Amino acid sequence: MQNPQLEEKVNSLLKQMTLVEKVGQLHQTHRTSCPHEKVTEMIKKGQVGSVLLWGIPTGGKDDEPENDINAMQKIAVEESRLGIPILFGLDVIHGLRTVFPVPLGMAATWSRKLAEATASMAAAESASVGVRWTFTPMLDISRDPRWGRIAESFGEDTYLCAELAKDAVRGYQGEELGGEDKILACAKHFAGYGAAEGGRDHTISSIPERMLNDIYLPPFEAAVKAGAGSVMSAFNDIDGVPCTVNRKLLIDILREKWGFDGFVVTDWQCVDNLHLQGIAKDRNDAAKMAITSGIDMDMVDGCFSDSLTSLVESGEVPVEVVDNAVKNILKIKFQLGLFEQPYADFGRAKKTILCGKHKQIALEAAEQSIVLLRNEDSLLPLKPEIKKIAVAGPMVECRKELNGCWDLIGRAEDAATILECIKETAPEGTEIVRIANGFEDTLLSNGKLDAVVLVVGEHPKRSGEGKDITSLKLPSGQEELVRKVHAAGIPVVMVVIAGRQLELSWAAQNIPAILYAWHPGTMGGQAIANILFGKTNPSGKTPVTFPRHTGQVPIYYNCRRNIAGKPAIMQPYLEIPEQGPLFPFGYGLSYTTFDYGNLKISPAVLKQNGEVEITAEITNSGDYDGEEIVQLYVKDCAASVNRPVKELKGFDRVFLKSGETKTVSFILKPEDLAFTRLDMTWGTEPGEHEIWIGPNSSTGLKSVVRLT
Ligand code: NOJ
């Protein structure tokens, strides 16, 4: 703690606390699984530090009284002996009432600006209703789309995830904690949860140490450096050690190496889980192991609150360990300004929630997240001569379902359906015909149709926590539907709503236009309609690699080389004629075209402590204004270990008017080329590094930098 005044406040409060009150601060209870009377009784006795909510008064749960949060807080502040406020936490994963695209969709925007703006707006809505803690950003690198929680991630790439992590943390917390419209962020799940074996949730991860350091940990380091005030330990074990008791992660790396100064909360019931994972013999043992391994707060299982007092009294856990955890939590409560303003301000909530500014940013985020995967013969945008359009598919009349997983507070009435938005946005004189679900056979009997917009994809029940799948194909019956609609011989625009990359091999060969919209949130319908009719030029790019077949998974662009010197993912399978991905990482089309030229590196030699500037000229050579996401990749040609065939090291979103040229510039420093070397130290090795500036991970202008 580097702030003496803050330290003084924390210490003086700590001195007044009984052991029971100290342990109380380390206990997070759950609003709905613990009876209300019990919760309020415990709050009165100072035995609760945080309450985890699954709904708030202005949100989905109408049976909760309007002043629920404030009533609980009043008991803490006015009726408990020391008046320490409760920290209310909720999974505000991609917005509160104004729902933004799922994090995987946000990653497809490649927009630092939107990552910050959406987080900031989610924070403002949450803070106004008294929720001062969100359990996000989720920074689990996800290379396996069978895993349902890939939707909550920023995708497969370490650099993209780390960049967006910083912006998200800044958005939620501000430059420093304390603003009335800011909340505490939580970098989760520390660590390696995305490496879930077989894409199975709540499971085990096997991650070699070098891969942990180089691929899985950097986004967490970035979040910590950006000031994230809390970190959540992950459910999984790595190589047999559950993250809840992983001292190497929680103490050596997080606290000592990175200087993390906030508090660590477990994931749901993770202390209790320790005996199920075969590590602890009972709840007491589990509590002792977790608190001495660097956990500060126990999420909802009550192990700390049941056991820590007696463990300290019997001398099994030193009181200093408990004191440290309490200090970490109290410090954040002070920094958040909870002692000065502990209450929700529902007056402010009414002005903030779903306000025009938030909806506008939700629209921009949804528009920029949508990836145009295919556009044969420039079918899109739909031209004015297209006068009669059929709209079909199981998702055209969805509302709340467009929000995807972790939509706890959004309401159906907040969102317009895709069908409504298409009708609103289509040029005057265009006839829109809704083809009822199950009646797609009637397509041809509708007179002359000029195009069909077919919306398919995943219901949120097939995406998110515990929603793992063995096949990445569209949900049952939908591929047949796509084929049937295609067979009608009318040009088809397929819109896919999903929380993960799906297997689209047949569609990618047969359906002329494909828009990948992820779960786009409250304004998703409008974003899709704007893109269909050319009011917005699509600009999203894939934050994950799309496989041709589920059997190729895991398939990710920054793999290592195989014995033929090729990317390991290019090794062919017998049953698939083409190798490699269907769509590479970083891929996405536009209604215009961008030409890349004039790559320059200056100087061509990168000295230790030096830097090089890498520039290229990007020209909008098509007829539409548009935004291009320009990407910088590197490859270490020869090193002490086999290194990735490409690694993203920079990106920029550039707006170009039709015909315009701009120079895009990236700075590369030696630390950008660092990795875990053969001797397990972190650093660089001299030698040649190939460099690309390009529109995606599979192509680009190429040159070489020599690191001395
Ligand atoms: C379990 C999930 O793994 C975690 O991400 C979430 O924040 C907690 N539940 C709280 O709801």
For Asp252, state whether it is in a helix (DSSP H, G or I), free of Cβ contacts under 8 Å to residues at least 12 places away in the same chain and open to solvent by 20 Å² or more (accessible area, probe 1.4 Å). yes
Name the single residue that is nearest to Gly315 (Cα to Cα) among those in region 255-278 being assigned to a loop (DSSP other than H, G, I, E, B) and open to solvent by less than 60 Å² (accessible area, probe 1.4 Å). Thr266
Name the residue that is farthest from Gly580 (Cα to Cα), counting only residues in region 478-508 that are within 29 Å of the chain's Cα centre (by Cα) and in a helix (DSSP H, G or I). Gln478
Scan region 115-137 residue by residue and report those that are aliphatic (A, V, I, L, M), surrounded by 24 or more Cβ atoms within 10 Å (Cβ to Cβ) and within 15 Å of the chain's Cα centre (by Cα). Ala115, Ala119, Ala122
Taking the stated definitions as given, is Gly521 assigned to a loop (DSSP other than H, G, I, E, B), more than 22 Å from the chain's Cα centre (by Cα) and at positive phi? no
Given the options Glu367, Glu401, name the one that is at pLDDT 95 or above and either of a type in the set (A, V, I, L, M) or open to solvent by 30 Å² or more (accessible area, probe 1.4 Å) (or both). Glu401
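Looking only at region 453-482, how many residues end up being of a type in the set (Lys, Arg) and either on the phi > 0 side of the Ramachandran plot or open to solvent by less than 30 Å² (accessible area, probe 1.4 Å) (or both)?
Pass one, region 453-482, residues of a type in the set (Lys, Arg): 461-462, 467, 473.
Subsequent filtering for residues that are either on the phi > 0 side of the Ramachandran plot or open to solvent by less than 30 Å² (accessible area, probe 1.4 Å) (or both) retains none.
Residues that pass the stated criteria total 0.
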Qualifying residue in region 138-157 (condition: open to solvent by less than 10 Å² (accessible area, probe 1.4 Å), touching a strand residue (DSSP E or B) at 6+ places or on another chain (Cβ under 9 Å), assigned to a strand (DSSP E or B) and within 13 Å of the ligand (Cβ to nearest atom)): yes
Here the qualifying pairs (Cβ atoms under 7 Å; residues six or more apart or on different chains; first in region 570-587 and on the phi > 0 side of the Ramachandran plot; second assigned to a loop (DSSP other than H, G, I, E, B) and open to solvent by less than 20 Å² (accessible area, probe 1.4 Å)) come out as Gly586/Lys541; Gly586/Thr542; Gly586/Ser697
Whichever residue in region 290-315 is within 15 Å of Phe235 (Cα to Cα) and hydrophobic (A, V, I, L, M, F, W, C) and, among such residues, is most open to solvent (accessible area, probe 1.4 Å): Val300
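Conditions tested, residue by residue: (1) touching an Asp or Glu at 6+ places or on another chain (Cβ under 6 Å); (2) closer than 25 Å to Gly262 by Cα; (3) not hydrophobic (A, V, I, L, M, F, W, C).
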position: Gly155; (1), (2), (3): no, no, yes
position: Tyr159; (1), (2), (3): no, yes, yes
position: Ala165; (1), (2), (3): no, yes, no
position: Gly174; (1), (2), (3): no, yes, yes
position: Gly192; (1), (2), (3): no, yes, yes
position: Ala195; (1), (2), (3): no, no, no
position: Ile204; (1), (2), (3): yes, no, no
position: Ile207; (1), (2), (3): no, no, no
position: Leu212; (1), (2), (3): no, yes, no
Which one of these does Leu184 not meet: (1) closer than 21 Å to Pro460 by Cα; (2) surrounded by 24 or more Cβ atoms within 10 Å (Cβ to Cβ)? (1)
Among the candidates Ile279, Ile295, single out the residue that is among the β-branched types (Val, Ile, Thr) and more than 23 Å from Ser50 (Cα to Cα). Ile279
Of the listed residues (Ala222, Ala168, Ala226, Ala195), the one being open to solvent by less than 10 Å² (accessible area, probe 1.4 Å) and at pLDDT 95 or above is Ala168
Only one of (1) within 16 Å of the ligand (Cβ to nearest atom); (2) assigned to a helix (DSSP H, G or I); (3) under 17 Å from Asp140 (Cα atoms); (4) of a type outside the set (D, E, K, R) does not apply to Leu212, and that is (1)
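The values are calculated or read from the model by the stated rules, or taken from the named source; none is laboratory data. Note that this is a predicted model, so its numbers are computed, not measured. In this analysis, Cβ positions are derived from the backbone assuming ideal geometry, glycine residues included, and neighbour counts consider all displayed protein chains. Note: areas computed on protein heavy atoms with side chains; ligands, DNA, RNA excluded. Shrake-Rupley method; radii C 1.70, N 1.55, O 1.52, S 1.80 Å.
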